[in-house]
1. Checking ALA162 against (1) surrounded by 12 or more Cβ atoms within 10 Å (Cβ to Cβ); (2) at pLDDT 75 or above, which single condition isn't satisfied?
2. Of everything in region 75-99 that's part of a loop (DSSP other than H, G, I, E, B) and either among the charged types (D, E, K, R) or touching a strand residue (DSSP E or B) at 6+ places or on another chain (Cβ under 7 Å) (or both), which residue is modelled with the lowest pLDDT?
3. Does region 37-67 hold any residues that are charged (D, E, K, R) and in contact with a helix residue (DSSP H, G or I) (Cβ under 9 Å, 6 or more places away or on another chain), and which are they?
4. Give me the pairs, please: first residue somewhere in region 107-126 and in contact (Cβ under 8 Å) with a residue 40 or more places away in the chain, second residue anywhere and surrounded by fewer than 14 Cβ atoms within 10 Å (Cβ to Cβ), beta-carbon distance under 7 Å, and either six or more positions apart or on two chains.
5. Tally time: how many residues in region 18-63 are out of contact with any strand residue (DSSP E or B) (no Cβ under 9 Å at 6 or more places or on another chain) and assigned to a loop (DSSP other than H, G, I, E, B)?
6. Identify the single condition in (1) free of Cβ contacts under 8 Å to residues at least 60 places away in the same chain; (2) surrounded by fewer than 16 Cβ atoms within 10 Å (Cβ to Cβ); (3) in a strand (DSSP E or B) that ARG13 does not satisfy, given that it satisfies every other one.
7. When only residues in region 100-140 that are in a loop (DSSP other than H, G, I, E, B), farther than 22 Å from PRO46 by Cβ and not aromatic (Phe, Trp, Tyr) count, which is farthest from the chain's Cα centre (by Cα)?
Amino acid sequence: MAPLYGWGVKGKRLKGLAPHGHWRTLTFLGALRADRLVAPCVFNGPINGQSFRAYVEQQLVATLKPGDIVIMDNLGSHKSAAVRDLIRKAGARLWYLPPYSPDLNPIEQVFAKIKHWMRQEQKRTIEDTWRHIGVLVDTIGPQECSNYLANAGYASIKTGNALATDRDKVHPNRHLNGWTGILQADAYGGYNDLYREDRKPGPVVSALCWSRARRKFFELADIAGNVRKGKPVHAISPVALAAVTRMDALFAIERDINGLDAEARREARQRLSHPLACRKWMDIAPTRRWPSGGAKATLVRFGLPSVWRMRGASSSRWSRRRGQARR
């Protein structure tokens, strides 16, 4: 690996050296916890299903304990039944990230930093390369690991148990008792008591996350994907297609302001994102097309709860008017 850029005299070419000939591919695998990087491993060659299964069986499983949650992206080698069974036998759960969501994968930040360090060192043999990777892994401390997770949008490292399945919805209240701040979460009803104005010492500020709901909206609006699955084109949900268009506009704003300082990002979001996010969601598709039941209705209730409330109110008023007209 060679540096991609460097410092040089202004106006003069900066020269660098890189090996010429047949390059070799090494693959580094690891697992990021809240306080450390575990199960580091270097493969001589690209990753595939067989090598990833060997990694899980010989390296990752030994670091797992009952109750752990293993989160992976959607790489094909990750999605085998054998990998899933190995993780479950260790007492852990396996979750996959939504498609199109590298921003939710904090270990990518770790890999990017390690790649930068490796380019600076310019190791030229396989043994030197994997030995130096081991040195770099030892330099990644608990606070740095915690920062990676927080930067990827995970609300709080210490509140993991608040996300556990809980019919009585007491986990969030008990686990976040006495805490105030901004909670980035989905529309799970167990969080509602945290947002109450009369909560002591004060209400939690809600920052709703569309990550899970966005995946379903994309699936309902994916014409090409439905064609590949043999579904008729008319099955595309106009509500989902309109919602995806609105979400795409919001994400485009985020891409444009990426890299600006915090105050500049806040100003841009207030000026550009706020009108989009707060505009009446009832306007994105004709009212008569809103789903009244089934999976699509469940998705709207979960992903756009304010829309569902407005739809219910509108339907009730319309029903009353229709009843008056009949009388």
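The values are calculated or read from the model by the stated rules, or taken from the named source; none is laboratory data. Source: prediction; values computed, not measured. Neighbour counts are summed over all protein chains in view; Cβ atoms, including those assigned to glycine, are modelled from backbone coordinates with ideal geometry.
1. ALA162 satisfies every listed condition except (2).
2. Per the criteria, the residue is LEU97.
3. Answer for region 37-67, where residues must be charged (D, E, K, R) and in contact with a helix residue (DSSP H, G or I) (Cβ under 9 Å, 6 or more places away or on another chain): ARG53, GLU57.
4. Matching pairs, first to second residue: GLN109/ASN151; ARG119/ALA2; ARG119/LEU4; GLN122/ALA2; ARG124/PRO19; ILE126/ARG24; ILE126/ASN44.
5. Matching residues across region 18-63 total 11.
6. Of everything listed in (1) free of Cβ contacts under 8 Å to residues at least 60 places away in the same chain; (2) surrounded by fewer than 16 Cβ atoms within 10 Å (Cβ to Cβ); (3) in a strand (DSSP E or B), ARG13 misses just condition (3).
7. The selected residue is THR139.
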